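Inspection log for the structure reproduced underneath, given as structure tokens.
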Amino acid sequence: MRTVSWVSGLVVAGGLAGGIYYGVPAFYNQQIESYLASVQADLPEGHSLDYDRIHYNFWAGTLTLDNFKYAWPAQDTVKAERPFSAGGTFTLAQMTVNGPNSSLDLNSGNPSEPVADSLSWKGMALAGNSEKLALNIDEGTATGISLNSPELFKEGIFDVTGLRTALGLESLKTGPVSYQFEMMPKPGEHLAFEGRNESLSLQNLKDGIIGQAESRDSKITMLMALPDLPEEVQLAVDISVKSSAVNDMTVPVPAPAITQGDVPALEQWAGMEELLLLLVQVKNSYEHAEKYPAKLAHAQIEDMNIAFGPADSDERMPLHIKNIAVEDYTATSMGKMVVTDIQSGEGFPGKLSIGTLRYSDMDVTQLGGYLDNVIEMGPAKMLAALQGEDWRSVLPEFRLGELAYENVEISHEDLQDFKLGAFRIYDLGIDQDKAISLATEVKDIQLPLDQLKQLPPQQAVLLKAMGHDMLTLSANIDVDHSTSGQSLDINSLSVGAKELGDIALSGRLQNIDIAQLIKNAPLHGLASNLEQVKLTVKDRDFVRYGLKSFAEGRGISEQEALTQNRMMLGMMAGGTENADTIAFFTALSEFLDGSKALELTAAPASPIPVAQLFGAVQQAGPEALIQILQLKSQVSDQ
């Protein structure tokens, strides 16, 4: 009897264990299928959800889904701007979920609880009902999955605004990703993308924020139809990137599309409705970007090739770009951007080479309010305000920290062998007090004399006789204008040629109104007051060029020209007892004799009207001007 009881107990225990082993998974599978059935029953009209098989292995902690398909119809006109608004399908050949959270309440979607440890899939496809709208990911793996909202299968699943807060991921890695996308911004225009990434990796995705992202070996083809040109042009652009990386990026939410019907008819914009639409679209995008800022702490592209040309032709104009890097970018500013080594390839008309392109620190924080003013005023009042006394009131605050091109070479049928050492804008902006600042530099523009059509032929011949086949020009502007004192600080204003020499000016003018200066520079300049000024001339071959020009014009030798100018300066210095006047003409004479630099400094006791200076020269000659300005002169060999 005891043996029978022991065997019976073993059989019962085995049956119980078997029931638990098979019954528990069956229970959970039944619960999951019941939940999906309720989802299917609650889907809006026109939506469908199907699958071949779903299986939950309770003991292994895995959930497998085979041949999943979700389809939705076209959305209403209110939501027509959403991606896939014409309807479409989402399919998965197979998906495996490891470590699903069996205690998670799918009806509440508690964001504090993870959905699963990891998820992997094969054959993911997202296809729109339009001709070109698709996304295919061959395979991928996601870890640390959280769900902030359970409404994944409700209308609007593919609305970016909802999706950005619906999912959270610790990491996402995929195999090859391919996509197609097309849109028509307005009737007659066409924009289409087609591309492929060999791999994609994302880290720490939550609330639309990506901690890290990396893409490898991507290729994009873009087609654009532009009917506004004289003839319809369809442009093809091919882009390939060998490597890319992004860190700490916040994904922006696209602004809702604005059409002509959304913009009220404004009398001040009659006949210019398209321009008004453009301004409203920019304002809308800017305000949306402020609400959902696009932050990017770092980006990197190691090797990029771009080729563009007519879509109906195999001809392409190629550009090769290396080492693009971007840091601290937001919707309203960019901390830094560096692009190095831009080279044109075979098929490009002529040659284009840019060693470095830098761009940083742009701030347009007041753009939204500025556009409000523009829209309210209309083009006529806006133009009148810009030309009036209070022109600053209609300008936005902005700041451009730096824009630079370095080592530029261009060769084209209209511009042979053009070389530019550097073009830089160090500072450009209008602050909250409407003060204006500008600092820019152009360095080492190499211009062959044969291409300088503005240069008189006899001057070109003269420079060639001196051994110069080209001029290497440079210029610098650094000025600040204050609204309170109506003053203009000329920190630096220079122009020069490496072959001849440089002229630099600095100083301060008062009673300067920028608007009046732009409209009528000569007259308004005469109305300003000179507070101080410094002029520096550095000679490399400038004096020799001046003497040769003087000699050519009088039919004498260069030595005779030098002798005559020495005598003239000596006579002017000997005809006065004023020490500053004697020092001035003596310095000029020494400069002609070979000194490398001449410096003139004026610092009158009080600001002097510029018109008074011209009057003094006309009435009493240069000596009166020297005395009024308290002009100091000196030369050096440096």
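The values are calculated or read from the model by the stated rules, or taken from the named source; none is laboratory data. Only a predicted model underlies this, so the values are computations on that prediction, with no experimental measurement involved. Every residue, glycine as well, gets a Cβ built from its backbone with ideal geometry; the counts of neighbours run over all protein chains shown. Accessible surface is based on the protein model in full, side chains and every heavy atom, while ligands, DNA and RNA are left aside. Shrake-Rupley method; radii C 1.70, N 1.55, O 1.52, S 1.80 Å.
Could you run through the range 47-61 and say how many residues are assigned to a loop (DSSP other than H, G, I, E, B), touching a residue at least 24 places away in the same chain (Cβ under 8 Å) and within 15 Å of Glu33 (Cα to Cα)? Looking only at that region, the number is 1. Entry remark, the range 592-638: residues being out of contact with any helix residue (DSSP H, G or I) (no Cβ under 7 Å at 6 or more places or on another chain), hydrophobic (A, V, I, L, M, F, W, C) and assigned to a strand (DSSP E or B) number 2 in total.
Determine, yes or no, whether Leu415 is open to solvent by 40 Å² or more (accessible area, probe 1.4 Å) and either modelled with pLDDT under 80 or touching a helix residue (DSSP H, G or I) at 6+ places or on another chain (Cβ under 6 Å) (or both).
Details: open to solvent by 40 Å² or more (accessible area, probe 1.4 Å): yes; either modelled with pLDDT under 80 or touching a helix residue (DSSP H, G or I) at 6+ places or on another chain (Cβ under 6 Å) (or both): yes.
Here the answer is yes, as Leu415 does meet what is asked.
Which condition does Tyr329 not pass, out of (1) hydroxyl-bearing (Ser, Thr, Tyr); (2) open to solvent by 60 Å² or more (accessible area, probe 1.4 Å); (3) modelled with pLDDT of 80 or more, if it passes all the others? Tyr329 satisfies all of (1) hydroxyl-bearing (Ser, Thr, Tyr); (2) open to solvent by 60 Å² or more (accessible area, probe 1.4 Å); (3) modelled with pLDDT of 80 or more except (3). Residues that are open to solvent by less than 50 Å² (accessible area, probe 1.4 Å), modelled with pLDDT under 60 and of a type outside the set (A, V, I, L, M, F, W, C) do occur in the range 194-212.
Going by the structure shown, is Ile582 surrounded by 14 or more Cβ atoms within 10 Å (Cβ to Cβ), in a helix (DSSP H, G or I), in contact with a strand residue (DSSP E or B) (Cβ under 9 Å, 6 or more places away or on another chain) and without any contact (Cβ under 8 Å) to a residue 60 or more places away in the chain?
Details: surrounded by 14 or more Cβ atoms within 10 Å (Cβ to Cβ): yes; in a helix (DSSP H, G or I): yes; in contact with a strand residue (DSSP E or B) (Cβ under 9 Å, 6 or more places away or on another chain): no; without any contact (Cβ under 8 Å) to a residue 60 or more places away in the chain: yes.
Here the answer is no, as Ile582 does not meet what is asked.
Scanning the range 602-626 for residues that are touching a residue at least 24 places away in the same chain (Cβ under 8 Å) and more than 18 Å from Leu569 (Cβ to Cβ) gives Ala602, Ala603, Pro604, Ala605, Pro607, Ile608, Pro609, Val610, Ala611, Leu613, Phe614. Residues considered: Ser243, Ser178, Ser218. Of these, the only one that is crowded, with 18+ Cβ neighbours inside 10 Å, under 24 Å from Leu319 (Cα atoms) and either modelled with pLDDT of 70 or more or of a type outside the set (Val, Ile, Thr) (or both) is Ser218.
Every residue, every condition in (1) surrounded by 14 or more Cβ atoms within 10 Å (Cβ to Cβ); (2) modelled with pLDDT of 75 or more; (3) touching a His at 6+ places or on another chain (Cβ under 6 Å), yes or no:
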{"position": "Lys69", "(1), (2), (3)": "yes, yes, no"}
{"position": "Thr77", "(1), (2), (3)": "no, no, no"}
{"position": "Arg82", "(1), (2), (3)": "yes, no, no"}
{"position": "Gly88", "(1), (2), (3)": "yes, yes, no"}
{"position": "Val97", "(1), (2), (3)": "yes, yes, no"}
{"position": "Ser102", "(1), (2), (3)": "no, no, no"}
{"position": "Asp105", "(1), (2), (3)": "no, no, no"}
{"position": "Pro111", "(1), (2), (3)": "yes, no, no"}
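With respect to being touching a Ser or Thr at 6+ places or on another chain (Cβ under 8 Å), surrounded by fewer than 17 Cβ atoms within 10 Å (Cβ to Cβ) and not in a helix (DSSP H, G or I), Asn476 falls outside the description.
If you scan the range 558-579, which residues turn out to be loosely packed, with under 15 Cβ neighbours inside 10 Å and touching a Phe, Trp or Tyr at 6+ places or on another chain (Cβ under 7 Å)? Across the range 558-579, there are no qualifying residues.
All conditions in (1) open to solvent by 50 Å² or more (accessible area, probe 1.4 Å); (2) in contact with a Leu (Cβ under 6 Å, 6 or more places away or on another chain) hold for Gly555, with the sole exception of (2).
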